[in-house]
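In what follows, a single structure is set out as C-alpha cells and then discussed.
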Amino acid sequence: MGRTTLVTGIAELTTNAAGPGTRDGDPTGLVADAAVLLDGDRVAWAGPEREARDGVGHALGGRPPDATVDAGGRAALPGFVDPHTHLVFAGDRAGEFEARMAGTPYAAGGIRTTVAATRAASDDALRAGLARHVAQALAQGTTTIETKSGYGLTVEDEARAVRIAREVTDEVTFLGAHVVPPEAAGRADEYVDLVCGDMLAACAPHARWVDAFCETGAFTPDQTRRVLEAGAAAGLGVRVHASQLGPGDGVRLAVELDAASVDHCTYLAPADVEALAGSWDGAAGPGGAVEPGRAVGPGGAVGRGGAVGRGGAVGPVAGRRGTVATLLPGVEFSTRQPYPDARRLLDAGVVLALASDCNPGSSYTSSMPLCVALAVREMRMTVAEAVWAATAGGALALRRDDVGLLAPGARADLVLLDAPSRVHLAYRPGVPLVAAVWQSGVRVPPTPAP
C-alpha cells in the first residue's frame, strides 16, 4: 500500500467504467459531484462524494487518506492514452509545412528529410528531444504514450531509436518499414529483407509492437504482410499505418493479421468498414464499461480473446481481439487532407481511438485536447465519444486494461481540467485547460520541462 490521496470536489468525473453513481448504459461512466481515492500507483475507489466516507473507509480499512485535494468544482477524467506518435527524431520540417499551406500537397517522401537529420544526431540529442516532447504531452494530460522508430532506417539507427524510446515508455513500436531509405531506392524488396532480418533482430528486444506504412510511396500490401508476419513471429504485436493518402488493402490486411490498431483510415471502402466492425464480437463504440481485466469494445462487447492481462498480452496466447481504428485528426489539420468520417465508422460499430501522431512532418502536435476538439468539430463525434476514444479507446488500441479508466485496480492516472465539464475540451479549443495531472499516483508538474 502506497501513499493515499483523496481528490474531492470533482464536479464531473469521467470513469469509463461502471461503478458507484454511474448510469446504466453510460459508456463513459460519468459521475456528478464525485471523488477519487488514489492508493500508491492504483485507483482504490471512485464514485459520488456523498459515498466517499464509506467507500474510502472500506478501501483503506478505516484509515484516513494521507492527503486530501479539493478539486474546487473542476472536471476530472482518466489520463489521455496516445497510441500513435513518432517522437525519436531530430530537426523539423517547418519549411515543408509552410510550402504545404501554400499549396504543395503532402507526400510520404518527406519523411526522408527527417531520416537524414536523425541519422546525423547524437544519442543525447535524440534523448533530449524525446524527453521534451513527452514532458509537453504529459503537461497536456497524456499519461500513457506509444512511440515509434522509423527515422533511422538502418539496423544501427533503428536499434538506437527503439532503445532510447524504451527509456520513457513500454509502448515502443519498431517501424523500420516507414519508407524505403534513399540508399535503397528502387530496391524495396531488398530493403524489406533487411527489415525482416537483421533490423528486426536488433530491434525486437526493445519493442512491443511492429508497424508498417502500407501506402503508395511507402510499402505495398505484400511487403507490409512480410514485415508484419515477421514481427509477429518474433513476438511483437501488430499495428498498421493504412489508407492515409488513398484507398488500399491495408485495413483489411490489418484485420486479417489481428492488428491491435490500424491508423489513419482516411480513405475507406465499404469492405474496410465491414472488416473493422466485424473484428469485434458484437456492437462497438463507447457503450460498455471498461473494467480492469476485460477488453471491452465501446458497445459493451468483449473483444475476441476476452481477458487481456495488465499491459496486454499480445498474440495467440491471449486470443484474438478486435482491431481498433485509430484516427489522427492532427494530420488532417496539418495537411489539409479530408478528415476521416468518424460518424460513419461509429454508426457501423467500429471501435475508435484518437491519437496525436506527433511527428515533425504531418502532425507536429502532442496535444490530445486539440485532437478531441478536432474530432468533435471536424469528424462529427460527440464530446463523450471523443473523450472515450482519447482515453479508453487508446487503451484498447494498445491492448491495455490498466489505463484509460478510473476504477479500482486501474493505474492512478488522473487529469483535472480547469473547467466544470469535459465539454470545455471542445468548447474552448487551444486554451490550456489541464490544471493538474497525476501519473501512477504521483502529481506531476503542470508545465513541461525546459
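The values are calculated or read from the model by the stated rules, or taken from the named source; none is laboratory data. What you see is a predicted model; the values in this text were computed from it and never measured. Note that each Cβ is placed from the backbone with ideal geometry, even for glycine, and that neighbours are counted across all protein chains shown.
Quick check on Ala121: is it touching a residue at least 12 places away in the same chain (Cβ under 8 Å) and closer than 22 Å to Gly394 by Cβ?
no
Only one residue in Ala185, Ala161, Ala165, Ala139 is among the hydrophobic types (A, V, I, L, M, F, W, C) and under 20 Å from Glu215 (Cβ atoms), so which one is that?
Ala185
Looking at (1) surrounded by fewer than 24 Cβ atoms within 10 Å (Cβ to Cβ); (2) small (Gly, Ala, Ser); (3) without any contact (Cβ under 8 Å) to a residue 60 or more places away in the chain; (4) in contact with a helix residue (DSSP H, G or I) (Cβ under 6 Å, 6 or more places away or on another chain), which one does Ala207 not meet, given that it meets all the others?
So Ala207 meets the others, but not (1).
Conditions: (1) out of contact with any Lys or Arg (no Cβ under 7 Å at 6 or more places or on another chain); (2) in a helix (DSSP H, G or I). Thr113 meets all but one. Number of the miss?
Status for Thr113: all satisfied but (1).
One line per residue, one yes/no per condition, for (1) modelled with pLDDT of 95 or more; (2) assigned to a helix (DSSP H, G or I); (3) of a type outside the set (A, V, I, L, M); (4) assigned by TED's automatic domain parsing to the domain that holds Ile111:
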site: Val192; (1), (2), (3), (4): yes, yes, no, yes
site: Ala212; (1), (2), (3), (4): yes, no, no, yes
site: Gly217; (1), (2), (3), (4): no, no, yes, yes
site: Gly235; (1), (2), (3), (4): yes, no, yes, yes
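May I ask you to list the residues in region 387-433 that are within 15 Å of the chain's Cα centre (by Cα), outside any loop (DSSP other than H, G, I, E, B) and closer than 22 Å to Gly73 by Cα?
Val387, Trp388
Run Cys214 past the list (1) of a type in the set (A, V, I, L, M, F, W, C); (2) surrounded by fewer than 24 Cβ atoms within 10 Å (Cβ to Cβ); (3) under 20 Å from the mean Cα position of the chain (by Cα) and report the number of the one that doesn't hold.
(2)
Tell me, yes or no, whether region 60-78 has at least one residue that is modelled with pLDDT under 95 and outside any loop (DSSP other than H, G, I, E, B).
Scanning region 60-78 turns up at least one residue that is modelled with pLDDT under 95 and outside any loop (DSSP other than H, G, I, E, B).
Identify all residues within region 1-57 that are within 19 Å of Thr68 (Cα to Cα) and among the polar types (S, T, N, Q); write none if there are none.
Thr4, Thr5, Thr8
If you go through region 333-356 one residue at a time, do you hit one that is over 14 Å from the mean Cα position of the chain (by Cα), without any contact (Cβ under 8 Å) to a residue 24 or more places away in the chain and within 23 Å of His264 (Cα to Cα)?
Within region 333-356 (the criterion being over 14 Å from the mean Cα position of the chain (by Cα), without any contact (Cβ under 8 Å) to a residue 24 or more places away in the chain and within 23 Å of His264 (Cα to Cα)), the answer is yes, since at least one residue qualifies.
Out of all the residues in region 247-266, which are outside any helix (DSSP H, G or I) and either among the acidic types (Asp, Glu) or closer than 20 Å to Pro83 by Cα (or both)?
Passing the criteria: Asp249, Leu257, Asp258, Ala259, Ala260, Ser261, Val262, Asp263, His264, Cys265, Thr266.
How many residues does region 18-35 hold that are modelled with pLDDT of 95 or more and within 20 Å of Ala390 (Cα to Cα)?
4
In this structure, is Thr365 at pLDDT 95 or above, at negative phi, surrounded by 20 or more Cβ atoms within 10 Å (Cβ to Cβ) and in contact with a helix residue (DSSP H, G or I) (Cβ under 8 Å, 6 or more places away or on another chain)?
For Thr365, the condition - at pLDDT 95 or above, at negative phi, surrounded by 20 or more Cβ atoms within 10 Å (Cβ to Cβ) and in contact with a helix residue (DSSP H, G or I) (Cβ under 8 Å, 6 or more places away or on another chain) - is met.
When you go through Gly103, Gly95, Gly73, Gly79 one by one, which is the residue that is in contact with a Gly (Cβ under 9 Å, 6 or more places away or on another chain), surrounded by fewer than 20 Cβ atoms within 10 Å (Cβ to Cβ) and of a type outside the set (S, T, N, Q)?
When all the criteria are applied, what remains is Gly73.
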